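**Q** Just dropping this structure here.
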Amino acid sequence: MPNMIEIKNLEKSFGDNQVLKNITEVVKKGQVICVIGPSGSGKSTFLRCLNVLEKPSAGQIIFEGQELTHISEIELNKLRERMGMVFQSFNLFPNMDVINNVKLAPLKVKKDMEEEATQKAGQLLEQVGLADKAEQFPLSLSGGQQQRVAIARALAMDPEVMLFDEPTSALDPEMVGEVLKVMKDLAESGMTMIVVTHEMGFAKEVADQIWFMDEGYIQEKGAPDEFFANPKTSRAKEFLSKIL
Amino acid sequence: MKSKKIWITLVILIMMLLVPLGKVNAASDGYLQKIKDKGTLVVGTSADYPPYEFTVKQSGKTTYVGLDIEIAKKFAKDLGVKLEIKNMNFDSLLVALETHKVDAVISGMNPTPERQKSVDFSNVYYRGKQYMLINKKDAALYKNIHSFKNKTIGAQAGSLQYDLVKKQMKNNQIKGLAKLNDLVIALESGKVNAVAMEEATAKAFAQNNTSLKVINPEFNVDSSQTGSAMAFPKGATSLVQAANKTIAQIKKKNLINKQYIPLAGKYMTNNSKKNSMWNYWTYFAKGIEHTLIITVVSVFFGFILGVLLALLRLSKSKLGKVIATAYIEFVRGTPLMVQVMFVYFGIGAVIQSLPALLAGIIAVSLNSAAYVAEVIRSGIESIPAGQTEAARSLGMSQTLTYRYVIIPQALKNIWPALGNEFITLIKESSIVSIIGVGDLMYQMQLVQSATYKGVIPIFITMVIYFVMTFGLSKVLGYFEGRMKHA
Ligand SMILES: Nc1ncnc2c1ncn2[C@@H]1O[C@H](COP(=O)(O)OP(=O)(O)OP(=O)(O)O)[C@@H](O)[C@H]1O
Ligand SMILES: [Mg+2]
């Protein structure tokens, strides 16, 4: 499989606080990577560096052969179209209904025709099981429903990779399943995904690789079966013993 | 050698610019010719000073009358031009003259040496005594300037009387107000014990208000300082000469005593006969119209400019940030009244034809923009960062993000604050009355001086302002409710 994202010597500091310390990794096309690790270890920052919502302090991000850390704002906008992102707090636009949340970027960024955008948004809502909620406003939906709309919204731009930052952490437990189901379907359809998560069941079942992050490094990585059965580093052992 | 020649030429040129041409040759100062060319003589006055100048309503229209106005009419006629009267605060008259907003000032003005430093005066056309107006019930107490130990005396700010009180009644408090009407109200309500004013004016007030009485307090008046004269821009010798010719004719025929004062007296009694407020509803209607025009236009431009300032302040451009911040802080740190005067007299000095209404609108818009900018900025900053991140992660540019995600949400949040600003403007715009814009506040002053009634016009004006602001807040509340449902 060809490389989709290459991360080379990535570093990120906020003032004196160095959050990411020299990360070099590769994500291959079609892979599902689950990033796990303790709170404050830099997982969100890492994910946000990948689509340059956070500008790396040093190192390179190479997405399908193109280097991202030194390009213009306009090129960056173009690249972000191809990388979908889903946030812990959904971040739906409360001033428009569900279908317009999904259609907004295709209409304004891709300049799709209205009809085409509506049709596609309808399909995506169907795919996440929310076809009947198209005309509702986000704040009238449950958390699980909002997060599924957010996934549909990201998919509407036809991204080549999807970044998830703890998509189920803000949800009531009974809603976690419906979101994970959508993500699992997406993984099975061949989407490249990088998922920061605390859902170990999902990681075990869906991930091709687990990246264990702590103190700004990827301390350990491996196939889920092996990682969960036999963590090699003491940090990973300690982390797993706490959460399992 | 050559450079020396250039220097000499330069010096001569500069001297020619510095020396007012009128001093060299009276006929060629150009002032008189300019007025004849444009066909109109613009005269500034402060029309709250009967019998010199005041307003009456003639077939529904506000007309300026009084002995000064008659003189101005004759002067214009002698010049063969039309007369245009500009009404403003007494304090503003000389500034208006210096900044060429008016060609001449005739407003019962005394040619004091201080004033002569900044303007040129005609010969004195009328000399009255300096009187005082007191409450009738105090008639036994107050006889002359020495019977007012530790009392408060009112006088029009910037007037000769103010000066006299200050210099000759050192044991007294002095209260200076811009409008005689306000001083008379202060007298009636006991805020001041007497108001110093010119003889004819004092008599006019007493004649129309039975609770008041005039006394001659026997100020020690230097005759060179009393009397009324017309004022002209410094160096306008051709105008002064022309005015003196007119004044000489008036004096020869004794027109002031024989015609002008009796005529003014007739207007005054007419005024006081029909001084029911109902006769003046057109004044208030005009005032409401102007107040609304100023407010609506200023809200519109203030909003547009405010959005631009807010975006500039939030932009990445350092220079833009500094400019916007400096503007906002400066405007919020200075009184609207000063800004209004600065626009009218300052910018008006560069653009001569800037009408007072436009100047008022510009000043209020510029002022409002600063406040609106801050409201919008806080509205934008109140939108969670996640909204921007979500939009940017979809490939939306900064501009698209603002346009479709941030601004619509921010507007919804700040709608009440913007509505408040609108309501505030209705009230604050009353300040423009000082430059003679015919808003509600200004019309109120006209009605006061026309009817000799102080409090009732204030009360009516207050009620009108309240109805406007309350009505508007209801309308805004209705839309706010609808936006919440959207
Ligand atoms: N914008 C920022 N400015 C300053 N410090 C930041 C910023 N964003 C993150 N940090 C710091 O970087 C460190 C890592 O934060 P990050 O959010 O990446 O951790 P995380 O692994 O995602 O944690 P969690 O599991 O709690 O989400 C923390 O110490 C945090 O305080
Ligand atoms: Mg995080």
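The values are calculated or read from the model by the stated rules, or taken from the named source; none is laboratory data. Treat the numbers as computed from the prediction; the structure is a model and nothing was measured. Methodologically, a virtual Cβ is constructed for each residue, glycine included, from the backbone with ideal geometry; neighbour enumeration extends over all protein chains shown. Side chains included, ligands, DNA and RNA excluded: accessible areas come from the protein's heavy atoms. Shrake-Rupley method; radii C 1.70, N 1.55, O 1.52, S 1.80 Å.
**Q** Treating only the Cβ atoms of Lys and Arg (+1) and Asp and Glu (-1) as charged, compute the dipole magnitude of the range B:130-226 about its Cα centre; round to the nearest 20 debye.
**A** 360 debye
**Q** A:D112 accessible area, nearest 10 Å², 1.4 Å probe?
**A** Accessible surface of A:D112 is approximately 30 Å².
**Q** How far, in degrees from 0 to 90, does helix A:143-155 lean away from the longest principal axis of the Cα atoms of chain A, to the nearest 10?
**A** 90 degrees
**Q** Given the -39500 (n - 2.57) contribution per DSSP H run of 4+ residues, what per-residue ellipticity at 222 nm results for chain B, rounded to the nearest 500 deg cm²/dmol?
**A** -18000 deg cm²/dmol
**Q** Among bridges DSSP assigns within the protein assembly as shown, what percent are antiparallel (round to 5)?
**A** 55 percent
**Q** Taking a threshold of 26 Å on the Cα-Cα distance, which of the pairs B:K82/B:K203; B:K73/B:K166; B:K36/B:K266; B:K86/B:K117 fall above it?
**A** Over 26 Å apart, Cα to Cα: B:K82/B:K203; B:K73/B:K166; B:K36/B:K266.
**Q** Still on this structure, please answer the following. Relative to the Cα centre, what is the charge dipole magnitude of chain A, using +1 at the beta carbon of each Lys and Arg, -1 at the beta carbon of each Asp and Glu, and rounding to the nearest 20 debye?
**A** Roughly 420 debye, rounded to the nearest 20.
**Q** Would you mind listing how long the range A:1-154 runs along its three principal axes, going by Cα atoms, in whole Å with the largest first?
**A** 46, 32, 32
**Q** Name the residue farthest towards the positive end of the dipole of the range B:278-484 from the options B:V463, B:T325, B:Q398, assuming +1 on Cβ of Lys and Arg, -1 on Cβ of Asp and Glu, about the Cα centre.
**A** B:Q398
**Q** Further, regarding this structure: Rolling a 1.4 angstrom probe over the protein chains, ignoring ligands and nucleic acids, what is the accessible area of B:I362 in square angstrom, nearest 10?
**A** That residue has around 60 Å² of solvent-accessible surface.
**Q** Okay, next question. Quick one: divide the alpha-carbon radius of gyration of the range B:347-439 by 2.2 N^0.38 Å and tell me what you get.
**A** That works out to 1.51 for the range B:347-439.
**Q** Then there is this: With everything on Cα atoms, drop me the angle between helix B:281-314 and the longest principal axis of chain B, reported from 0 to 90° to the nearest 10.
**A** That works out to roughly 40 degrees.
**Q** Where a Cα-Cα gap under 27 Å defines reach, which lysines qualify for B:K318, not counting those fewer than 8 residues away within the same chain?
**A** A:K12, A:K55, A:K78
**Q** May I pose another question? Write down the Kirkwood hydrodynamic radius of the range B:50-166, to one decimal in angstroms, obtained as one divided by the mean of 1/r over all alpha carbon pairs.
**A** Kirkwood hydrodynamic radius for the range B:50-166: 16.8 Å.
**Q** How much accessible area does A:V195 have with a 1.4 Å probe, in Å² rounded to the nearest 10?
**A** The accessible area of A:V195 comes to roughly 0 Å².
**Q** On to the next question. Around B:A178, under 11 Å between beta carbons, what's the net of Lys plus Arg minus Asp minus Glu among the other residues?
**A** That sum, taken over residues with Cβ under 11 Å, equals -2.
**Q** Pairs A:K21/B:K316; B:K77/B:K245; B:K101/B:K245; B:K77/B:K101: which exceed 19 Å Cα-Cα?
**A** A:K21/B:K316; B:K101/B:K245; B:K77/B:K101
**Q** Show me, for the range B:162-172, the HN-Hα J-couplings you get by feeding each phi into the Karplus relation (A = 6.51, B = -1.76, C = 1.60, θ = phi - 60°), rounded to Hz, glycine and proline as x.
**A** 4, 4, 4, 4, 4, 8, 9, 10, 5, 8, 10
**Q** Assign one of three labels to the range B:294-340, namely rounded, prolate or oblate, based on the Cα gyration tensor with a ≥ b ≥ c the square roots of its eigenvalues; rounded applies when a/c is under 1.5, prolate when it is not and a/b is larger than b/c, and oblate otherwise.
**A** oblate
**Q** Report the local net charge at A:G144: Lys and Arg +1, Asp and Glu -1, summed over other residues whose C-beta lies under 9 Å from its C-beta.
**A** Taking every other residue near A:G144 into account, the sum is -2.
**Q** Provide B:R115, B:R332, B:R482 ordered by accessible surface of protein heavy atoms (probe 1.4 Å), highest first.
**A** Output order, biggest surface exposure first: B:R482, B:R332, B:R115.
**Q** With no solvent and one equal point scatterer per Cα, compute the Debye intensity ratio I(q)/I(0) for the range B:130-226 at 0.24 Å⁻¹ and report its log10, rounded to two decimals.
**A** With one equal scatterer per Cα and no solvent, log10 I(q)/I(0) is -1.38.
**Q** I've got another one for you. Tell me, what is a quarter of the convex hull surface for the C-alpha atoms of the range B:288-381, in nm² with one decimal?
**A** For the range B:288-381, the mean projected area of the Cα convex hull comes to 6.5 nm².
**Q** Please report, in whole Å, how far the alpha carbons of chain B spread along each principal axis, starting with the longest.
**A** The principal-axis extents, from largest down, are 89, 80, 48 Å.
**Q** Working with all protein chains in place, sort B:L476, B:L305, A:L163 by solvent-accessible area computed with a 1.4 Å probe, largest first.
**A** Largest to smallest exposure gives the sequence B:L305, B:L476, A:L163.
**Q** Can you sort A:E174, A:E11 by solvent-accessible area, 1.4 Å probe, largest first?
**A** A:E174, A:E11
**Q** Can I ask one more? Please determine, in degrees from 0 to 90 and to the nearest 10, the orientation of helix B:261-273 with respect to the longest principal axis defined by the Cα atoms of chain B, where the helix direction is its Cα long axis.
**A** Computed tilt is about 50 degrees.
**Q** Scaled to the compact-protein estimate 2.2 N^0.38 Å, what is the alpha-carbon radius of gyration of the protein assembly as shown, rounded to two decimal places?
**A** Compared with the compact-globule rule of thumb, the protein assembly as shown sits at 1.45.
**Q** Write down the Kirkwood hydrodynamic radius of the range B:318-475, to one decimal in angstroms, obtained as one divided by the mean of 1/r over all alpha carbon pairs.
**A** 18.5 Å
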